[in-house]
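Visitor: Take this structure first; my questions come after.
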Amino acid sequence: MRALQKLVRNGNATAVTVPRALLQHLGWLPGESIIIELLEDQTCRLRRPVLEDFAPFGASRVLPEPAAAGTK
């Protein structure tokens with residue numbers, strides 16, 4: 001399936017419209033989160049996020065304290 005679309009200005013951002021037929025084929029819904037990847041060959045890939053896209057659960061979000069002055 002292929003569709004020729006234009007980039008559309010949306011405030012300070014630029015958007016691309018995904019045709020309804022494509023959304024239905026993928027089972028995607030408006031408002032659903034997606035990942036946009038820029039690939040080495042200068043193409044983009046749109047996909048649903050997977051767990052590996054997010055920080056591990058239970059990971060410490062506190063920065064380590066700096067070492068005291070004069071200690072090695």
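The values are calculated or read from the model by the stated rules, or taken from the named source; none is laboratory data. None of these values were measured; they are calculated from a predicted model. Note that we place each Cβ from the backbone using ideal geometry, even for glycine, and neighbour counts take in every protein chain shown.
Visitor: Mind checking which residues of segment 1-17 are closer than 20 Å to ARG47 by Cα, without any contact (Cβ under 8 Å) to a residue 24 or more places away in the chain and either in contact with a Gly (Cβ under 6 Å, 6 or more places away or on another chain) or part of a loop (DSSP other than H, G, I, E, B) (or both)?
Guide: ARG2, ALA3, LEU4, GLN5, LYS6, THR17
Visitor: I want to confirm something. Restricting to segment 15-45 and keeping residues that are surrounded by 10 or more Cβ atoms within 10 Å (Cβ to Cβ) and among the polar types (S, T, N, Q), which single residue is modelled with the highest pLDDT?
Guide: Per the stated criteria, the residue is GLN24.
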